[in-house]
Amino acid sequence: MSEARVRIETDTLGNVEVPEECYWGAQTQRSIENFPIGGQRFSPVFIRALFIVKAAAARTNFSLGKLDEQRCEWILRACEEGLLGRYNDQFPLVVWQTGSGTQTNMNANEVIANRANELAGQPRGGKKPVHPNDHVNLSQSSNDVFPTAMHIAAVLGLQEHLRPALQALCASLAERGNAFSSTVKIGRTHMMDATPLTLGQEFSGYVAQLEGAYLGLEQACHDLYDLALGGTAVGTGLNSHPEWATTVALEIGKQTGLPFRSAPNKFMALSAHDALLKTSAALRQLASVLLVIGNNLRLLASGPRCGFGELVLPANEPGSSIMPGKVNPTQIEALTMVAAQVIGNDTTVCVAASQAHLQLNVFKPVIIHNVLQSIELLADACNSFRERCVDGMTANENTIANHLHNSLMLVTALAPQIGYDEAAAVAKQAFAENKTLLQVVLEKGLMDQDTFLRLTDPAQMIGAGDGPAG
């Protein structure tokens with residue numbers, strides 16, 4: 001077998017052998033060799049964000065007279081191809097690298113420069129007529145490019161994937177709630193019987209929780225529109241044009257159709273990642289909400305005969321290799337595992353965001369990796385949970401009715417007529433003697449049957465007020 005063909009590229013440390021077929025260059029190759037840690041790589045949406053940054057930079061440098069028209073055109077053509085995903089496989093670097101993301105920024109610079117030089121009729125690796133640092137990285141530093149790409153990628157992930165998934169799940173749960181609006185059931189507090197409500201009211205609480213989490217994500221997104229680009233190495237903007245930061249942010253806004261803007265303080269933008277910390281916290285809030293909803297639905301569907309059994313979930317696959325006919329709430333299990341992962345990711349982001357030492361936070365790759373993973377997992381899990389569980393969920397009306405009429409807590413409706421202490425004595429006796437509330441009330445001569453039935457009608461107990469008039 002013949003050996004793989006290589007070309008020789010150079011960087012400031014000397015010569016490096018690079019696989020001939022690759023578009024990356026010397027610095028990317030060094031990173032491949034120096035960081036054989038795990039296999040986690042940057043997601044396609046982050047690579048897309050890098051191409052957005054580099055295209056906007058080229059246009060801005062041309063408009064401000066810093067880059068000639070021909071080089072700008074070659075760079076833009078390479079970026080356009082990159083935005084189509086053509087070069088995603090040319091980003092081999094793992095997340096566990098330099099904390100500034102310098103090598104991934106250079107990965108983008110090298111891929112774009114090598115492709116631009118191809119378009120100019122030159123071989124890869126020659127750095128002429130387009131140089132990865134002098135032209136593709138013009139007016140930039142890894143220290144402001146990488147956090148800019150972090151913000152763009154997070155916004156794209158939220159707006160294009162998680163936002164529609166969450167909206168669809170809210171709509172599906174609301175539709176189920178409407179369908180269950182007349183299903184009166186027993187409530188439970190402290191995992192014990194409580195007063196009645198409708199299944200629709202119960203579901204409305206889930207929808208309201210999700211809407212609150214959605215609002216939190218929208219508020220976090222507002223801060224992500226601030227971009228670090230223009231700060232260059234330490235926030236001063238050295239080696240960039242005075243108008244560059246504002247102009248390039250406007251250009252990114254044009255490319256994406258989103259209201260990106262230049263961060264008002266570049267020193268904060270390079271050293272702190274509070275916007276992503278807030279975003280991660282909002283993702284954690286959503287994960288917590290999904291845990292609550294998932295666990296509640298799993299309890300309500302438990303059984304089918306020896307649990308609550310109030311909900312019937314779609315049977316998607318056999319649930320046991322040994323117990324025939326068993327079906328498990330697998331979509332809920334997947335959803336809640338995702339929620340646990342997202343909560344763990346947020347802990348990492350919280351620790352990483354605290355590592356803002358002097359002019360630079362050097363935990364950037366792990367911050368954006370965890371935020372983007374959380375966004376992707378939550379979007380996929382919400383879609384799967386909705387399609388394969390919520391949309392096909394039904395109420396077990398018979399079981400709900402049995403639980404409702406067997407509950408001792410219907411006695412609460414008697415308290416305004418007979419007093420709290422007497423009502424408590426009725427419930428205690430009924431439980432101890434395995435009798436119905438009606439039997440005990442009649443034995444004690446507290447009221448007649450018609451009055452009891454009128455007062456304890458569950459349908460009259462699901463709203464505010466004192467229940468039926470005496």
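Among ALA78, SER384, GLY14, which residue has its Cα furthest toward the positive end of the charge dipole of the chain, with +1 on Lys/Arg Cβ and -1 on Asp/Glu Cβ?
GLY14
Along the positive direction of the dipole of the chain (beta-carbon charges: Lys, Arg +1; Asp, Glu -1; about the Cα centre), which of THR246, ALA58, VAL155 reaches farthest?
ALA58
Charges at C-beta only: +1 for Lys and Arg, -1 for Asp and Glu. How large is the resulting dipole of region 6-138 about its Cα centre, in Debye rounded to 20?
Roughly 280 debye, rounded to the nearest 20.
Stick to Cα atoms and the Kirkwood definition of Rh, then tell me Rg/Rh for region 6-138.
Value, to two decimals: 0.95.
Sum -39500 (n - 2.57) across every DSSP H segment of at least 4 residues in the chain, then divide by the residue count to get the 222 nm mean residue ellipticity, nearest 500.
Computed ellipticity for the chain at 222 nm equals -18000 deg cm²/dmol.
Sort all Cα-Cα distances of region 309-451 into consecutive 10 angstrom bins from zero, then give the percent of pairs in each bin up to the one containing the longest distance.
The calculated distribution, bin by bin, is 10, 21, 16, 16, 19, 12, 6, 1, 0.
Helix 102-119 sits at what angle to the longest principal axis of the chain, using alpha carbons and giving 0 to 90 degrees rounded to 10?
60
Counting pairs on different chains as well as pairs 8 or more places apart, how many Lys pairs in the chain have Cα atoms under 16 Å apart?
Close lysine pairs found across the chain: 6.
Bin width 5 Å, alpha-carbon pairs only: give the P(r) of region 1-64 as whole percents, running from 0 to the bin holding the largest distance.
All Cα pairs considered, the percentages come to 4, 13, 15, 16, 19, 19, 9, 4, 1, 0, 0.
Go through ALA213, LEU138, ALA301 and say which Cα lies farthest out towards the positive end of the charge dipole of the chain; charges sit on Cβ, +1 for Lys and Arg, -1 for Asp and Glu.
LEU138
Between TYR420 and PHE267, what length in nm is gained on full extension when 0.36 nm per residue of separation is reduced by their alpha carbon distance? Intermediate values should be presented prior to the final figure.
Values: separation 153, 0.36 × 153 = 55.08 nm, distance 6.37 nm.
48.7 nm is the gain from fully extending TYR420 to PHE267.
Can you give the FRET efficiency to the nearest 0.05 for ASN34 and ASP391, using r as the Cβ-Cβ distance and R₀ = 45 Å?
Numbers: r = 49 Å, r/R0 = 1.08.
My answer for the efficiency is 0.40.
Quick one: grab Rg to one decimal and Dmax as a whole number for the chain, Cα atoms only, in Å.
That works out to 30.5, 102 Å for Rg and Dmax.
Treat every Asp and Glu Cβ in the chain as -1 and every Lys and Arg Cβ as +1, leave all other atoms uncharged, and give the resulting dipole magnitude about the Cα centre to the nearest 20 debye.
Its charge dipole is roughly 640 debye.
Where nothing but the Cβ of Lys and Arg (+1) and of Asp and Glu (-1) is charged, how large is the charge dipole of region 138-214 around its Cα centre, in debye to the nearest 20?
Details: 4 positive and 6 negative charges, 41 e Å.
It works out to roughly 200 debye.
Mind pulling the angle between the C-alpha long axis of helix 420-432 and the longest principal axis of the chain? Nearest 10 degrees, somewhere in 0 to 90.
Taking the Cα atoms of the chain, the angle to 420-432 is about 90 degrees.
For region 407-460, what is the per residue volume of the convex hull drawn over the alpha-carbon atoms, in cubic angstrom?
65
Where a number appears in this text, it was derived from the coordinates with a stated rule and is not lab data. Remember, predicted model here, so these are calculated numbers, not experimental data. Neighbour counts run over all protein chains shown; Cβ positions are idealised from the backbone, glycine included.
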